[in-house]
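Trainee: First the structure, then my questions, so here it is.
The values are calculated or read from the model by the stated rules, or taken from the named source; none is laboratory data. What you see is a predicted model, and the numbers here were worked out from it, not measured in a lab. As a convention, Cβ positions derive from the backbone with ideal geometry for all residues, glycine included, and neighbour counts pool all protein chains shown.
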Amino acid sequence: MLSFEQPLLLLLLLPVSVVVFLTWRRMSLPFPKGQRRLILGCRLALFALIICALAGATWSQPVSRQTVVFVGDISDSTGPQRAFIEQWVNGALRHKRPDDQVGIVAVGRNALVEQSIHSQIDFQHFQSTPDTNYTDLAAGLRLASAILPTDTQRRIVLLTDGQQNLGDALQEAQLLQQEGIRLDIVPLPTANGAEARIDGLTAPTELHSNERFLLHVRLYTSVAQ
């Protein structure tokens, strides 16, 4: 499909064509009529090509192939959901089209390429070992976009619980949108485990030196006592 970066410049085609035609009519060229018309056609074509070049003409062919990079959040906060991430990715791999390409990135504090881009990959479990003490989803998105080829449709699938404590994933997602990269997010199921918290703390407002006092702490737990 033919497209132009500056389509308004195409409006120059009409006045330029008129000027070229009038100039051609006024010229007394010592050539037969057929050759004079050929010269006119060549001049019109030359100026048309120049204007199209100035307008930023580009020819793009529709792309049907797709490259998908799965970004798995395998930080400590998603430890119980690691099996879910691996099963989800394996399920997606079974349904991909033969000509599509796939890559896998593991992310914690840093991001590592688990599987490079290929049409056929063998993945069962994560083997990469990023630092799992922190979660930098933006680093995973940056690495995924860096390994995506430019000659296919580009897509990133992020599997995470959303609990980032480094980087800015939202800003990185906006950059992906500007680059024409589709981003899909798969939220991980929450694990309803035991919960405990301090609901209140009461202490005397005034005390003398070396005076004993009582400290009242109100605790809450979801586990029956």
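Trainee: Show me the strands (runs of 3 or more DSSP E) found entirely inside the stretch 106-225 where at least 3 residues are without any contact (Cβ under 8 Å) to a residue 60 or more places away in the chain.
Mentor: 111-118, 182-187, 196-202, 216-221
Trainee: Go through the stretch 101-135 residue by residue and tally those that are among the acidic types (D, E) and surrounded by fewer than 16 Cβ atoms within 10 Å (Cβ to Cβ).
Mentor: Number satisfying all stated conditions: 2.
Trainee: While we're here: Only one of these conditions is not met by P80: (1) modelled with pLDDT of 90 or more; (2) in a helix (DSSP H, G or I). Which number is it?
Mentor: (1)
Trainee: Related question: Looking at A92, A139, A53, which is the one that is among the aliphatic types (A, V, I, L, M), in the same structural domain as A169 (by TED's automatic domain parsing) and surrounded by fewer than 16 Cβ atoms within 10 Å (Cβ to Cβ)?
Mentor: It is A92.
Trainee: Right, next: Could you pull out the residue among V20, V16, V71 that is hydrophobic (A, V, I, L, M, F, W, C) and at pLDDT 90 or above?
Mentor: V71
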